[in-house]
Amino acid sequence: MDLEFMKLHGNGNDFILIDEYGCQCIPDEMKAQFAALYCDRRFGIGGDGVLYLQRSAKADLRMRLFQPDESEAEMCGNGIRCFAKYAYDTGYVEKICSVETMAGIIRVEMGYENDTFMATIDMPEPKFDRKNIPATGEGEYRETIEGSEVYAVNTGVPHAVVFVDDVESVNPEEAGPAIRHHRTFPKGANVNFVERSGGNTLRIRTFERGVEGETLSCGTGATAAAAIAHRLGFASSPITVETKGGPLIIHLGEVTRTTGPATTVFKGVISF
């Protein structure tokens, strides 16, 4: 059996995409194991997750995302842009489409600007109340963990935000796990270290739940950082968030939107 796949990335946050629009390629009970095996950067293809493109009864398409630790993520901002690029290039959708995710139905507007594919995603509304993150306790989240002041918000998935003076002085893989696994987060949390770099610009590094390491970019993390900064009065919309892999533009208002690129890396075949 030969299985075709596409490798894409959004600002360096990379994914393996499996097209299941016509038929199921990987049985549901094997999808988690498949992600663990093929996301490995030495013994597999390499990636921060596996995207599955499927038909939907509720939207134009359905996206599922399995991560290297075999968990299924509710949603992913960079992942959905990669998903949208493949769907647009393949002809499944046109300039505007809707995508079913575990975090709800997401509207995507997309197209090429010169030779660069850009997509604007209508993100889930940021949820600041602890019960919706989820986190233990009442009210909005503000805790001191390992000496750091930590804020939290759900932007489709749970995110912790820590403001630092210099993001380059932080090692997310050392500082992230204690917050990611803190007892106040029953489902864990992604951890974002954020520097206010002047004006309406933030710099960010993210320790990502499910990947269990630093990723070059995280769309929901950039949105979380912007949402917290805006709520605290540190910045006003639109906010540019500089990830290690490139910038994302976050628009905050009645609808929260994230704009950024997606790139196709290569197409391949797995022979079983």
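The values are calculated or read from the model by the stated rules, or taken from the named source; none is laboratory data. As the structure is a prediction and not an experimental result, all values here were calculated from the model. Cβ atoms come from the backbone with ideal geometry, glycine included; neighbour counts cover every protein chain shown.
Six or more apart or on different chains, Cβ atoms under 7 Å: show the pairs whose first residue is in the stretch 174-187 and over 11 Å from E146 (Cβ atoms) and touching a residue at least 24 places away in the same chain (Cβ under 8 Å) and whose second is surrounded by 13 or more Cβ atoms within 10 Å (Cβ to Cβ) and among the basic types (K, R).
R180/R209
Only residues that are aliphatic (A, V, I, L, M) and either in contact (Cβ under 8 Å) with a residue 60 or more places away in the chain or loosely packed, with under 15 Cβ neighbours inside 10 Å (or both): list them for the stretch 121-151, please.
I121, M123, listed by residue number.
I need a count of the residues in the stretch 151-179 that are among the aliphatic types (A, V, I, L, M), touching a helix residue (DSSP H, G or I) at 6+ places or on another chain (Cβ under 6 Å) and not in a loop (DSSP other than H, G, I, E, B).
3
Name the pairs: first residue in the stretch 16-44 and aliphatic (A, V, I, L, M), second residue in a helix (DSSP H, G or I) and at pLDDT below 95, Cβ to Cβ under 7 Å, at least 6 apart or on different chains?
No pair meets every condition.
Within the stretch 113-160, work out how many residues are within 30 Å of K85 (Cβ to Cβ) and more than 23 Å from the chain's Cα centre (by Cα).
2
Give M110, M102 a once-over and let me know the one that is crowded, with 18+ Cβ neighbours inside 10 Å and more than 16 Å from I18 (Cα to Cα).
Criteria check complete, one pass: M110.
Looking only at the stretch 44-99, which residues are among the aromatic types (F, W, Y) and either closer than 25 Å to M30 by Cβ or part of a loop (DSSP other than H, G, I, E, B) (or both)?
Hits for the stretch 44-99 are Y52, F66, F83, Y86, Y92.
Give the residues of the stretch 177-199 that are within 19 Å of N11 (Cβ to Cβ) and either at pLDDT 95 or above or outside the structural domain of P134 (by TED's automatic domain parsing) (or both), sorted by residue number.
Across the stretch 177-199, the qualifying residues are N190, V191, N192, F193, V194, E195.
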